[in-house]
Amino acid sequence: MAKVFFTSHLRSVAPDGGVEAAGATVAAALADVFARYPTAKGYVLDDQGRVRLHIAVFVDNVHVRRDILEYPLRGDSEVYVMQALSGG
Amino acid sequence: MAQNLYVASRKGLLTYQRGAKGWTHKATDFLGSPVSMVLVSPDRQTIFVALNLGHFGTKLHRSTDGGGSWTELTAPQFPKVEGGEKDEKAPAVNAIWAMEWAGKDKPGCIWIGTAPAAVFYSADNGESWTLNQGLWDLPTRAKWFGGGTVDTALHSICVDPRSSDRVAVAVSCGGVTLTEDGGKTWRVAGHGLTAEFMPPEMQKDPDIQDAHLMVQCPANPKVSWIQHHNGIFRSTDDLKSWHEITTAPVSKFGFAVAVHPKDADTAWFVPAVKDEHRYPVDEKMVVQRTRDGGKTFDVLRHGLPQETAFDLVYRHGLVVDETGEGLAMGSTTGAVWTSDNGGDAWTLLSAHLPPVYALRFA
């Protein structure tokens, strides 16, 4: 299973450290995490389910800039959900 | 007079308490987070705070013990539209710009105004929110456009003290819209507003007016005031018509307006230079007050900086309490002043707060 890490700034609503998540895409993995941490969803995705403008997502050390949610995951992928510097 | 003053700022919510020697700082909550709006119950026990987090979106928190503890609620969200996750134009709440109690006969019911311009309603003390579909589907909404921000913004919600089903809202830039059936149906109520910044044939179009803030006199609710991008306007006939007040001596431009709770002829404005630049006229901080419905104005400056002042007071940054004597205003440069005599004299509360977005007395 992939492992999802969240920025420490989401510590009050998201898991501390990596959390295992099932799914073949970023969207599926996030949905799996949000099922367990429902408040975190609104911090990462907007009303329509889009990744918020100032959230940065990295998969296996690649900064995913387009079609983030469809980005494919391997069984051992590491996904980092970070705050983009642009939103500060 | 009001016992508490709540300051919604760029870096948190600050609460001040009135004491024998004036206002003292009581608490700072949500330290570091931008607070776009605050709503407080008359008994000061229930407090709603809207956050506009740069990275993580719009959030809503509530306290039911006077700010002792806070609970995060689900913030208003637009319904998901089909394919919305791939549609850049599908709506999402970008900010909460207005929050008001829905009326004394509707305890626990609240209206919220957002950017993009819409209203949401909660009938369960903020636990859940529903988009007001009637306003969202209003055909004239297609003509609205952003003012100051890319998004349209609904910043004013006036719940009529005679009937809580009668609610007027104002939008930048979308004029005034009124419901008389609790939000089921809406109609345009901005006739008479004028926008010099539009092409000549469109200047009187009520659907594109940039109302900066609208307030309604609680004791004489037939009377409402608007600080408009283009000037000061007043309605004395239940929003059937608006007429421009052209006598403001310092500037007709500004963001904020406050109306006396008992005297519809008395209102306060904080003037500024427009448009390409915005700063206090001649770098002097003043308040314009009329006590005769706009025929004449006093220019109030006692206690306010009269040199190198760059304070702007945003639309929710000027408030009056239930007596009409207590006033407070907060600025973009982090100054807050209070007055206990209707603005004749002002006392500096602090000169070094974060930029102030909104104030509340309770």
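A few remarks follow.
- Of all residues making up the stretch B:127-168, the number that are touching a residue at least 24 places away in the same chain (Cβ under 8 Å) and under 30 Å from B:His277 (Cβ atoms): 13
- Residue check for B:Leu53: under 22 Å from the mean Cα position of the chain (by Cα), within 11 Å of another protein chain (Cβ to nearest Cβ) and more than 27 Å from B:Gly134 (Cα to Cα): yes
- Only one of the listed residues (B:Thr332, B:Thr338) is in a loop (DSSP other than H, G, I, E, B) and either modelled with pLDDT of 95 or more or closer than 20 Å to B:Gln288 by Cβ (or both). That residue is B:Thr332.
- Strands (runs of 3 or more DSSP E) (entirely within the stretch B:136-225) containing at least 3 residues that are modelled with pLDDT of 95 or more, surrounded by fewer than 19 Cβ atoms within 10 Å (Cβ to Cβ) and over 20 Å from the mean Cα position of the chain (by Cα): none
- Every residue from the stretch B:289-329 that is among the basic types (Lys, Arg) and either outside any loop (DSSP other than H, G, I, E, B) or over 19 Å from B:Phe361 (Cα atoms) (or both): B:Arg289, B:Arg291, B:Lys295, B:Arg301
- Residues of the stretch B:352-362 classified as open to solvent by less than 50 Å² (accessible area, probe 1.4 Å) and not in a loop (DSSP other than H, G, I, E, B), total: 5
- Cβ-Cβ under 7 Å pairs, at least 6 apart or on other chains, the stretch B:57-75 side more than 10 Å from chain A (Cβ to nearest Cβ) and within 22 Å of B:Ala95 (Cβ to Cβ), far side β-branched (Val, Ile, Thr) and open to solvent by 60 Å² or more (accessible area, probe 1.4 Å): B:His61/B:Thr71; B:Arg62/B:Thr71
- Checking B:Phe120 against (1) over 15 Å from the mean Cα position of the chain (by Cα); (2) not in a strand (DSSP E or B), the condition it does not meet: (2)
- Selection count, the stretch B:296-351, where residues are open to solvent by 60 Å² or more (accessible area, probe 1.4 Å), in contact (Cβ under 8 Å) with a residue 60 or more places away in the chain and farther than 20 Å from B:Cys217 by Cβ: 2
- With respect to (1) more than 10 Å from chain A (Cβ to nearest Cβ); (2) surrounded by 22 or more Cβ atoms within 10 Å (Cβ to Cβ); (3) within 16 Å of B:Val38 (Cα to Cα), the lone exception for B:Ala118 is condition (3).
- In the stretch B:274-288, the residue that is modelled with the lowest pLDDT out of those that are in a loop (DSSP other than H, G, I, E, B) and surrounded by 22 or more Cβ atoms within 10 Å (Cβ to Cβ) is B:Pro280.
- Counting only strands (runs of 3 or more DSSP E) that sit wholly inside the stretch B:1-105, those with at least 1 residues that are over 30 Å from A:His54 (Cβ atoms), hydroxyl-bearing (Ser, Thr, Tyr) and open to solvent by less than 20 Å² (accessible area, probe 1.4 Å) are B:12-19.
The values are calculated or read from the model by the stated rules, or taken from the named source; none is laboratory data. Keep in mind that this is a model prediction, so the values were computed, not measured. Please note: Cβ atoms are built from the backbone with ideal geometry, for glycine as well, and neighbour counts cover all protein chains shown. In case anyone asks, the SASA skips ligands and DNA or RNA and just uses the protein heavy atoms, side chains included. Shrake-Rupley method; radii C 1.70, N 1.55, O 1.52, S 1.80 Å.
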